[in-house]
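These notes are about the structure you will find just below.
The values are calculated or read from the model by the stated rules, or taken from the named source; none is laboratory data. Model, not experiment: these values are computed from the prediction. Counting neighbours? That spans all protein chains shown, and the Cβs are built from the backbone with ideal geometry, glycine included.
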Amino acid sequence: MRLLIVEDEDLIAQRLERLSRQIIGHRLQHLAVLPTLEAAQLHLKEMAVDLVLLDLNLNGKDGFKLLHQYTAQSFHTVIVSAYTEKAIEAYEFGVLDFVPKPFDLSRLSKAFDRYFDTDYRSLYPTRYLACKCRGRLELIRVSEILYCQGADHYARLFLRSGEEKLYDKSLNQLLPLLPPSFLRIHKSYIVNLDEAGALQVRGGGRYFFEMPNEVDVPVSRSGYKLLKSHLAR
């Protein structure tokens, strides 16, 4: 795991580093601690990162700027801040957790648990996903997504409008950010159950979920059982 801590107060930064090393243990591959927005921006341009622990007040500069600028990249973000009134806004833009200051080992551990737990679903689902399109950042409403398809380290988002967007996170990274209405029905597909669809069984024991845009999304055997359970509710 490659971790970046962005915190301008030395004592808090040292505490975050010490507790993070204690929690992550042998899984930690690289850790950087930076005090400024500019240093963090440069680091993210040059280094691959898995998780960022981000303060929102960096020497008077808004840490949200980093979140808005790099939310389309593949890393997850955990906000560590005393500005708890900013929590809902942070969750809406896809942070994995919001850890209020002051924090202890137990609370920080929960944030890392959410990163390592691939089945984790946030109580505050993301409202927007940021996708890069022609060199600029475009915010996509999650409610507009019909289904998602895995594409190596990326996810293809298929929208109600018929458009397709490429998102810079894998399905494993994307799923924890989505509302409970999104269900992974196949290793390569996540569908939005808020959209009307029909479960189909075809020859050879093949299963499909027909989406409103008349696209048949494959359903695995385990996904079939999970999907039937959700549709029966």
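In table form, for the structure just shown:
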{"item": "Conditions (1) buried (at least 16 other Cβ atoms within 10 Å of the Cβ); (2) in contact with a strand residue (DSSP E or B) (Cβ under 9 Å, 6 or more places away or on another chain); (3) over 27 Å from Ala13 (Cβ atoms): number failed by Ala151", "result": "(1)"}
{"item": "Condition broken by Leu166, with the remaining ones in (1) more than 27 Å from Ser20 (Cα to Cα); (2) at pLDDT 95 or above satisfied", "result": "(2)"}
{"item": "Out of Tyr91, Tyr120, sole residue that is within 11 Å of the chain's Cα centre (by Cα) and either among the acidic types (Asp, Glu) or surrounded by fewer than 19 Cβ atoms within 10 Å (Cβ to Cβ) (or both)", "result": "Tyr120"}
{"item": "For His68: the one exception among (1) more than 16 Å from the chain's Cα centre (by Cα); (2) at pLDDT below 95", "result": "(1)"}
{"item": "Qualifying residue in region 11-30 (condition: touching a Lys or Arg at 6+ places or on another chain (Cβ under 9 Å), within 21 Å of Tyr167 (Cα to Cα) and not in a loop (DSSP other than H, G, I, E, B))", "result": "no"}
{"item": "Qualifying residue in region 42-59 (condition: at pLDDT below 90, assigned by TED's automatic domain parsing to the domain that holds Arg21, surrounded by 17 or more Cβ atoms within 10 Å (Cβ to Cβ) and at negative phi)", "result": "no"}
{"item": "Failed criterion for Pro180 (all others in (1) surrounded by 13 or more Cβ atoms within 10 Å (Cβ to Cβ); (2) touching a residue at least 24 places away in the same chain (Cβ under 8 Å); (3) not assigned by TED's automatic domain parsing to the domain that holds Arg27 hold)", "result": "(1)"}
{"item": "Strands (runs of 3 or more DSSP E) (entirely within region 186-227) containing at least 2 residues that are buried (at least 19 other Cβ atoms within 10 Å of the Cβ)", "result": "189-192, 206-210, 216-219"}
{"item": "Residues (assigned to a strand (DSSP E or B) and either surrounded by 13 or more Cβ atoms within 10 Å (Cβ to Cβ) or at positive phi (or both)) located in region 134-148", "result": "Leu137, Glu138, Leu139, Ile140, Ile145, Leu146, Tyr147, Cys148"}
{"item": "Selection within region 113-135 - touching a strand residue (DSSP E or B) at 6+ places or on another chain (Cβ under 8 Å) and among the hydrophobic types (A, V, I, L, M, F, W, C)", "result": "Leu129, Ala130, Cys131, Cys133"}
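Residue by residue, here is whether (1) without any contact (Cβ under 8 Å) to a residue 12 or more places away in the chain; (2) in contact with a strand residue (DSSP E or B) (Cβ under 9 Å, 6 or more places away or on another chain); (3) under 26 Å from Leu129 (Cβ atoms) holds:
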site	(1), (2), (3)
Ala13	no, yes, no
Ile23	no, no, no
Leu31	no, yes, no
Val80	no, yes, yes
Thr84	no, yes, yes
